[in-house]
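Structure record follows, encoded as structure tokens.
The values are calculated or read from the model by the stated rules, or taken from the named source; none is laboratory data. Computed from a predicted model, the values in this text were never measured in an experiment. Backbone-built Cβ (ideal geometry, glycine too); neighbour counts: all protein chains shown.
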Amino acid sequence: MTVPPAEWSRPRAGRAELRVDAGIAAALAFGSVLTALLYARTGVIPDPAPHWVSVLGLAACTLPLAFRRVAPIPVAILVSIGFFVCGQFAVPELLITNVALFLALYTVGAWEPNRAAAVWTLIGTSAALLIWLIVSLIISASDDSDFLGMPRSGLFSAYATFAVIQIITNLLYFGAAYWFGLRSWRAARTQAALEAQGQELERERRTSAEQAVALDRIAIARELHDVVAHHVSVMGIQAGAARRSIPRDPDRAVAALEIVEESARSAVAELQRLVHTLRMPDADAGSSTVGIAQLSGLLAESQDAGVPVTLIVTGDARPVPMLVDVALYRVAQEALTNVRKHAGRGAAATVRLRFLTDAIEVEVSDDGVALRFGGARGGARPGLPSGSRGSGLGLRGMRERLGAVGGTVWAGPRERGGFLVRAHVPLGAATSDASAATPAAETETP
């Protein structure tokens, strides 16, 4: 549990608490006057103090309590002085004055922010009043007059026993005031620590929730971009081919429209799978997960869209983790989509899948001459294209996907013309949860 620092102090008393204290002080003042009249009537104190002394002593003992939480130490000193006046000058009141002094000493322990000053005030006040009590008892012991009918003769006389009881009672009185005040201070300190901890946990919860929502939005945006951009690019190319072929080659136009229809169905199916995953994240979607084993189908779509693609697989094929598998597939998908969108007519692409000793790479290159990823081909800085065309979301999505699995993406123009995208993911020994890899033999798709 978090504990407040040493300089922690209670919050200042509010208006409601000050009103309560004022009411307590007024009630004690009224009660002290009432009990003083009753004690005077009983005659317990044979020679009571004058009325003005009684009023002054009782007022000093009770009224300052209205400000006990505002200035605990000054109030405790004033109440102690009032208590001394009432006791020294025989004010006929023995109940409310004790209650008022206890409350004042308790408040010092419970509310005084300067803990050292609080401790020394309690020790000093208690010591002064105890010394006054002992001196008063000694003086009374030397008086020849009878005190409450108690004989003084002998070491264990009735008066000596009474004096011991008085001292023990006052020690318990002052000790209880200090102990209860200290317990109240510690309880408030613990409550403040719990409230601070609760607020910190609530802030962390809100921050975590906001981060989770932001990450989910990024992931959804990336999936939508990958799915929609790929299929829409195919549909756009084939629709344009169909429009140009209708007058002179209706059969070719029909074939192009069939590809548009198939791409539309594929896009809808992938969007439905995405929505299903969002609605039921715990559902088993392993059978519909894409990966590098489906690269041949991806290349076939590009072939149908009029972009010749060659697939080359090198190295010894082995399983790769599912997240890596999906990320590499999406990189290849996005790169081929950009070939169709930006490489220009007559461009051809090559997809290379490399199984290295401790890594796996997917490389997509083409011999086109157009713009992509927001940068000019041939004029962009390798690895960080810049320019005005394109939103750059495709490259950003690639880097986010590969970064999530510990990989990197390089994208930029090739020296001999065209554009190159290379995704590299270190594998190490993390292949326990892999999906099936593409067959190892070198393959070419015409």
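General remarks:
- Among residues of segment 38-54, those that are closer than 13 Å to Leu94 by Cβ, in a helix (DSSP H, G or I) and not small (Gly, Ala, Ser), counted: 3
- Subset of segment 33-52 [among the aliphatic types (A, V, I, L, M) and either within 60 Å of the chain's Cα centre (by Cα) or within 16 Å of Leu78 (Cβ to Cβ) (or both)]: Val33, Leu34, Ala36
- Residue satisfying condition, being in a helix (DSSP H, G or I), within 11 Å of Gly57 (Cβ to Cβ), of a type outside the set (A, V, I, L, M) and in contact with a helix residue (DSSP H, G or I) (Cβ under 6 Å, 6 or more places away or on another chain), within set Thr97, Thr121: Thr97
- Flag if Phe30 is assigned to a helix (DSSP H, G or I), farther than 22 Å from Ser126 by Cα and within 57 Å of the chain's Cα centre (by Cα): yes
- Options Ser140, Ser136: the member that is modelled with pLDDT under 90 and in contact with a strand residue (DSSP E or B) (Cβ under 9 Å, 6 or more places away or on another chain): Ser140
- Restricting the first member to segment 199-219 and to residues that are assigned by TED's automatic domain parsing to the domain that holds Gly397, and the second to residues that are in a helix (DSSP H, G or I) and surrounded by 10 or more Cβ atoms within 10 Å (Cβ to Cβ), no beta-carbon pair is closer than 9 Å while six or more apart or on different chains.
- Residue match in segment 60-68 (condition: free of Cβ contacts under 8 Å to residues at least 12 places away in the same chain, in the same structural domain as Gly109 (by TED's automatic domain parsing), of a type in the set (Gly, Ala, Ser) and within 30 Å of Ala117 (Cβ to Cβ)): no
- Count of segment 290-320 residues which are closer than 18 Å to Thr357 by Cβ and crowded, with 18+ Cβ neighbours inside 10 Å: 4
- Residues that are surrounded by fewer than 19 Cβ atoms within 10 Å (Cβ to Cβ) and over 24 Å from Ile139 (Cα atoms), drawn from segment 79-97: none
- Residue within segment 206-229 that is of a type in the set (Lys, Arg) and at pLDDT 75 or above present: yes
- Out of Ala49, Ala100, one residue alone is hydrophobic (A, V, I, L, M, F, W, C), crowded, with 18+ Cβ neighbours inside 10 Å and at pLDDT below 90. It is Ala49.
- Some residue of segment 39-50 being touching a Gly at 6+ places or on another chain (Cβ under 9 Å), of a type in the set (A, V, I, L, M) and assigned by TED's automatic domain parsing to the domain that holds Phe162: yes
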